[in-house]
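The values are calculated or read from the model by the stated rules, or taken from the named source; none is laboratory data. Just so you know, these numbers come straight off a predicted model, no measurement behind them. Backbone-built Cβ (ideal geometry, glycine too); neighbour counts: all protein chains shown. Heads up: the accessible areas ignore ligands, DNA and RNA and are worked out on the full protein's heavy atoms, side chains in. Shrake-Rupley method; radii C 1.70, N 1.55, O 1.52, S 1.80 Å.
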Amino acid sequence: MRVVLFCGGLGTRLREYSETIPKPLAHIGPRPMIWHLMKYYAHFGHKDFILCLGYRGDLIKDYFLNYNECMSNDFTMSGEGKKICLHNSDIDDWRISFVDTGLKSNIGQRLNAVKKYLEDEEMFLANYADGLSDLPLPEYIADIKASGVVAGILAVRPSQSFHTIRMGRNELVEGLNHVRETEVWINGGFFVFRKEIFQYLREGEELVEQPFYRLIAERQLASRRYEGFWASMDTLKDKNMFDDMYERGMRPWEVWNNHHRLDLTSLWIQPGVEVQRS
């Protein structure tokens, strides 16, 4: 299935970290958030991506146009740095379409803008570009597919730390509960769509509003609860959390590190440097 990633937002709540890069390029370790998410999908065999670009889309293009395999793979250098032998590779079999979907477009408009690239897809995947999970993707897709609905959405627990308030008469507080102790579930992304989703999406509409209400009315929207790891990078606090987890080796979203690597048939060649396969 093709994977549509919405990576064109302004990311205003992360501006404290940087006002010059789009949120999907905020780094976790040596690689940006969007790489970690794409690596997750690729691990499960979904390697055909459509990036819906907007704010500073030029930087996302530049990142992949000048992609350096050595930043996240083991390699041996010889010949005074003129010869690099990679021991494994990341994106040699990825296919990435870069599509300008507008600077201020909402998610629904961005999805509509890439409709023509999905005409041959009976089903496709979609996601925001700021959240990571260790969700067992094949089982989740199979579950949504078997339900026969037009759209599936992942329900997750909020990753933020806050308390809900119960109020009685005269607005007196009757109780406090940490959000993780309540039955609150939120939209975690990781959408599974049939091509019929476009029949529910009107021009200018936000995806998770009117179109989803129409799906609900026709019983065509399914959700699956997931209590495993899920977190998004919305604020600088979230960025710091991901950085801390990475440095401590707590990286549950790196599902690819729990399985042996596949054999490689080709490698990206860095201009001016001789690269060999080990």
Is the stretch 243-258 home to any residue that is exposed (fewer than 15 other Cβ atoms within 10 Å of the Cβ), part of a loop (DSSP other than H, G, I, E, B), at pLDDT below 90 and in contact with a Lys or Arg (Cβ under 8 Å, 6 or more places away or on another chain)? no
Scope the stretch 84-110; condition modelled with pLDDT under 85, surrounded by fewer than 18 Cβ atoms within 10 Å (Cβ to Cβ) and either among the charged types (D, E, K, R) or out of contact with any Lys or Arg (no Cβ under 9 Å at 6 or more places or on another chain) (or both); matching residues: D92
Let me confirm something: among E139, E122, which residue is touching a residue at least 60 places away in the same chain (Cβ under 8 Å) and farther than 17 Å from G9 by Cβ? E122
Sort out which residues of the stretch 28-56 are charged (D, E, K, R) and either open to solvent by 30 Å² or more (accessible area, probe 1.4 Å) or more than 17 Å from G131 (Cα to Cα) (or both), and write them in order of number. K47, D48, R56
Filter the stretch 115-162 down to residues that are assigned to a helix (DSSP H, G or I), open to solvent by 10 Å² or more (accessible area, probe 1.4 Å) and hydrophobic (A, V, I, L, M, F, W, C) and give me whichever is nearest to E254 (Cα to Cα). I141
Check on L59, surrounded by fewer than 14 Cβ atoms within 10 Å (Cβ to Cβ) and modelled with pLDDT under 95: no
